[in-house]
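No value in this document is a laboratory result; all are computed from the given coordinates. What you are looking at is a predicted structure, and each value in this text was computed from that prediction instead of being measured. Here Cβ is always computed from backbone atoms with ideal geometry, including for glycine, and neighbour counts include all displayed protein chains.
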Amino acid sequence: MIEENLILILALLPFLAAVIASTLSTTAHGAAAWVSGLLLVCGLVILAVLHGPIAAGEVVRGTIRWIPSLGLNLSFRMDGFVWLFVTLVFGIGILVLIYARYYLSKTDPVPRFYAFLMAFTGAMVGMLMSGNIVMLVVFWELTSLLSFLLVGYWHQGQAARDGARMALIVTGAGGLCLLLAMLILGQIAGSYDLDRVLASGEAVRADPLYALVLGLFLLGCFTKSAQMPFHFWLPGAMAAPTPVSAFLHSATMVKAGVFLLIRFSPVLGQTELWFFAVTGTGMLTLLLGSFFALFRHDLKGLLAYSTISHLGLITALAGIGSTGAILAAIFHIVNHAVFKASLFMAAGIIDHETGTRDMRRLSGLMRYMPFTGTLAIVAAAAMAGVPLLNGFLSKEMFFAEAADWHNGTWLDNSLASLATAAGVFAVAYSLRFIATVFFGPPPEDLPRTPHEPAAWMRRPVEALVLACLVVGILPGLTLGPTLNLAARSVLGADLPYRDIAIWHGINQPLVMSFVALAGGIMLYLVFGNRIAAGPEGPPLLHRLRAQRLYERALLVFTWKLPRSLHRILGTEHLQPQLRLVVLLAFSAGFVTLWGVLRLAPNPVGNALNPAFALMWLAGAACAMGAAWLAKYHRFAALVLLGGAGAVTCLTFAWLSAPDLAVTQLLVEIVTTVLLLLGLRWMPKRLEEIAEDKLLPARLRRLRDLVIALVSGTGLAAVAYVMMTRPPVPNSVGDWFLRNAYTEGGGTNVVNVILVDFRAFDTFGEITVLAIVGITVYALLRRFRPAPESVDHQNQRDETETEELAEALLVPSVIMRWMFPALIVMAGYLFFRGHDLPGGGFSAGVTLSIAFLLQYLAHDVRWIEARLTVLPIRWMGVGLLIAGLAGMGSFLFGYPFLTAHAQYVDLPLVGKVPAATAMIFDLGVFALVVGAIVLMLVALAHQALRIARLQERETARPPEKVAAKLAGKMGAR
Amino acid sequence: MEAVLSAAIGILAASGIWLLLRPRSFQVIVGLCLLSYAVNLFIFAMGRLAIGAPPIMPRGGFVNPAAYADPVPQALVLTAIVISFATTALFLVVLIAARGLTGNDHVDGEERAP
């Protein structure tokens, strides 16, 4: 139990550090480093506690139940391999923190750095400890994202931004491949649990999808671990601050790929395909990476290519997959992390103290920084594989595996010579690094005079180099048991213990090591000067770079191709888009219904009433008239639109839908008034537009007419066929009819559906109405009317206004008297709503019409001096009432918006329905009033604003206005 | 009745779609209104036509659903009326604001290039 909690705490610690670090002030350098460092130390303590059970061969698990109903759990597991890796991450993490504390400048926003670094550590640890393969991919992608942020930390530089983006695109795309691979693996294994997947190797290898899974899986691992041809992002990522490189590109990020290769080698490995793909790629990367490293002039560039080649070595070992190879791979992961982190830090110190990383300018630094120089020399010797250092041991094990017989294929037979060649290059570039930077004549024209760094900046390097030496001299005592434990947890518990010793006698690996050492020294002595004088990159090949291909592909696929596609297929005009929408809708209907749509064998129907036909004759004429006149005669079109609406409303009333008829009528009134208010702001269109009579315009209209006629005919046909089919028995409507009174306590079924059965829909609907109201208000607040509409206002003189007021005297008096009558009407509609046609919505519209009439009857100022409507409060209160009425049911333990119905006996009045749904309806009512009044008043106020503007202008002396106008023009 | 109503739906929809494809914003708004009538009537008609049978129930007792109009399309259309009112209002304001910003009433904010 304690172990389970410890493992969860361990997974949480780095994220906790990230959150704390991100809240610190930007100048809190020390605090951020201390917090992060202490939490990592806590992590190491936990790891020490966990070592007991792990060493006993246990697998420690911790699970957080996340969505148990879907079987989704956050499960973490730790075995010997994971323990070793997590300890490595935490250990090097602490050293990197100490180093970064002195490396970063005072002006850098440091808490952000530590927050990213800690979050990255968390993602890495989460990836390592994931017990679920989908979760593993999530953490995997998280490391890609956070490495993007870390590499781009100095985002002011173009190189950092490019490098970060390149790393993200390459590793992120690989992560997507990995996700696919994991999903298929989970399907094959029947579970996404890592243990189950690891146990189902037989089934996976026998599956027909094995090659696909393997390909996708390897794409993910190879991109992450910078294997050829995806290696190019790693040198690009060297634009990162050096602590980031020392952490991400030695111990963590790039090691994730090889971790997964080793972890899954029992599942996916042991086939010829695996051997050729993995060992082949690994050997290619090892050889080319070490070769390219020899030609880099940039210190970090050299280290980056060296990292690529060492990752290739580990990959090749994972591909071989024998017991010794897996042990060697794990050993080399640790060794490489240790010496490469120290070398990156040393390179950072050199960069920090001299101002350059160019090996052609650096020389003879041993005089100025003897301590750092010695440390770097030891670490570089470990990188080259010099005896008595840790790098020698794992390289020796690799050579032994390369020399061994595995399967007798040509690749297997050539492993030994390839490995020796790579060893030669490794010795040569390590030698070049040491010889050029620390020996030779004193440097000239360096940006800064070199000197030893702050002592604490060197401490991490010292610790790492000490580790190189201790492991190199006493391998069996230090790492031996842990490594065996790790290999056992990968390959199986019955693995025999393998001793790791320095001396095995004179055998083939030792000979290969010495050939590599001698060959490397020779190579450097012969070609050293020529390499220094050459270009950055290997001869002939430096022009052909994977990075260029990547950049060109990126340009084509993310910029040129989309642009030209957009140019060909896209349009910025509304009309083609709408036409496309109409045509798509029509085709969707046509394709679905073609051949299926036919008349029912014995159609049902009502006998035709001639009055109905006559009514629709008028309605159709109104619709077509509106369509015809909407361009030049807007007012007439509006009147005709109202006519079509009125006929629609009558149809609802005729065909047993009284609720719809009432609502349609009221909404029709409000819509017409809104449009009338809007008409005022339209531009004048007196004369006909000449271009409209030309042929292209006529053709356009003809095309649109055809589209309209075809769509209309189609809709009519569908409507006719559906209407004449016999109704479906026992539909959902029947259920509502039967249960409206018993369950909802109302006799008007439509209203009961809206406020009780489907009240949640209505709640959403009134929310939409509130949003529209506020949007209208906000848009009109910032609206500046067109200049010519304002001029129009100017022309209306005083006498005209007075005449108008006189003409409207009688109507305005009537409208004023209508106010109380309409309020009573609204109340009536509201209260009868549950049992008879009416309800909160129609009552709300009625009340807003009452307000509206007052605005129409009088001057806006006159009415606002006497009547205060606060539409936003109406809306807010309405939404609140509706929401609270819904939540009230929580009190009684029912779900949201459960209604209760009852009849209450009131004295004098008698029995009245008192359902809680009515409270909800009250909310609907208040909100509708608020929204409609808000829109109408906002529109009406536009006129007032212009009047105010004019008053202000006329109040000022004319020259002042002119001066202000001139000033405005000048300001533009 | 059915034939007349489906013809009416067709004519309303055709007028609406034709206006929807026109270049002036006021035409588009009128077109949207006409189209929403057509669609509302269409949805409503899916419940079949009933005359003199509004879905108002007796208080308790046996209910024969065949004797009443289908309430579900009516409830749907009631919602649709409200939402189409809201979209009309929003579109009207966008139209006014666009007119103020661009100085014309073309849907693209600029007259068609000759």
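Summing Cβ point charges (Lys, Arg +1; Asp, Glu -1) relative to the Cα centre of the protein assembly as shown gives a dipole of roughly 1900 debye.
Once you have a ≥ b ≥ c as the square roots of the Cα gyration tensor eigenvalues for the range A:39-102, tell me rounded if a/c is under 1.5, and otherwise prolate or oblate according to whether a/b is larger than b/c. Intermediate values should be presented prior to the final figure.
Values: a/c = 3.08, a/b = 1.57, b/c = 1.96.
Oblate.
Seen from residue A:30, the other residues with C-beta closer than 12 Å to its C-beta sum to a net charge of +2, counting Lys and Arg as +1 and Asp and Glu as -1. Database remark: amide H of residue A:745 closer than 5 angstrom to no amide H (H placed geometrically; neighbours at sequence offset of 5 or more, or on other chains; Pro and chain starts carry no H). Note on A:879, A:128: ascending count of other Cβ atoms within 10 Å places them as A:879, A:128, the fewest first. The range A:65-98 and the range B:29-94 have Cα centres separated by 58 Å.
Please compute the net charge surrounding residue A:718, taking Lys and Arg as +1 and Asp and Glu as -1 over other residues with Cβ under 13 Å from its Cβ. Numbers along the way, then the final one.
Values: positive: A:598, A:725; negative: B:2.
Value of the local net charge: +1.
Computed from backbone phi, the HN-Hα couplings of the range A:216-227 come to 5, 4, 5, 4, x, 5, 5, 5, 5, 8, 6, 7 Hz, rounded to whole numbers (Karplus: 6.51 cos²θ - 1.76 cosθ + 1.60, θ = phi - 60°; Gly and Pro given as x). Taken one residue at a time, the phi angles of the range A:622-636 give Karplus couplings (6.51, -1.76, 1.60, θ = phi - 60°) of 4, 4, 5, x, 4, 5, 6, 9, 5, 7, 9, 10, 5, 5, 4 Hz. Gly and Pro are set to x.
Look at the stretch B:94-102: the mean tally of other chain Cβ atoms within 10 Å of its residues' Cβ atoms is 6.
Just in the range A:572-649: which trypsin sites (Lys or Arg not before Pro) are loop by DSSP and have at most 16 other Cβ atoms within 10 Å? Could the numbers behind the result be given before it?
Working: sites: A:579, A:598, A:631, A:634; in loops: A:598, A:631.
When the trypsin sites (Lys or Arg not before Pro) of the range A:572-649 are filtered for loop state and at most 16 Cβ neighbours within 10 Å, A:598 remain.
Spatial offset of the range A:115-157 relative to the range A:345-423 amounts to 28 Å, using the alpha carbon center of each. Normalising the Debye intensity of the protein assembly as shown to I(0), with uniform scatterers on Cα atoms only, and taking log10 at q = 0.06, 0.08 Å⁻¹ returns -0.72, -0.94. Applied to the range A:9-21, the Karplus parametrisation 6.51 cos²θ - 1.76 cosθ + 1.60 on θ = phi - 60° returns per-residue 3J(HN,Hα) values of 4, 4, 5, 8, 3, x, 5, 4, 4, 4, 5, 5, 4 Hz, with x for Gly and Pro.
Ranked by Cβ crowding within 10 angstrom, fewest neighbours first, how are A:855, B:37 ordered? Walk me through the numbers on the way to the answer.
Values: A:855 23, B:37 28.
By the 10 Å Cβ count, ascending: A:855, B:37.
As I understand it, the dipole of chain A uses +1 on the Cβ of Lys and Arg and -1 on the Cβ of Asp and Glu, about the Cα centre. Which of A:805, A:664, A:822 lies farthest toward its positive end? Highest projection toward the positive end goes to A:805. Placing unit charges on each Cβ (+1 for Lys and Arg, -1 for Asp and Glu) gives chain A a dipole about its Cα centre, and among A:378, A:682, A:102 the Cα reaching farthest toward its positive end belongs to A:682. Taken over chain A, lysine pairs spaced eight or more positions apart, or on distinct chains, with alpha carbons under 30 Å apart number 19.
So what is the relative contact order for the range A:134-539, in percent, with contacts set as C-alpha pairs under 8 Å and at least six apart? Don't jump to the answer; show the numbers that get you there.
Numbers: 668 pairs, mean separation 66.3, N = 406.
Across the range A:134-539, relative contact order equals 16 percent.
What order, most packed first, do the peptides A:176-183, A:841-848, A:824-831 have when packing is the mean number of other Cβ atoms within 10 Å of each residue?
Numbers: A:176-183: 20.4, A:841-848: 27.6, A:824-831: 18.0.
Descending packing order for the listed peptides: A:841-848, A:176-183, A:824-831.
Taking amide H as placed 1.01 Å from N in the peptide plane, the amide H of residue A:132 sits under 5 Å from that of A:75, A:194, each at least 5 places away or on another chain. Remark on residue A:298: its backbone amide H falls under 5 Å from those of A:359, a criterion applied only to residues 5 or more positions apart or on other chains, H modelled at 1.01 Å from N.
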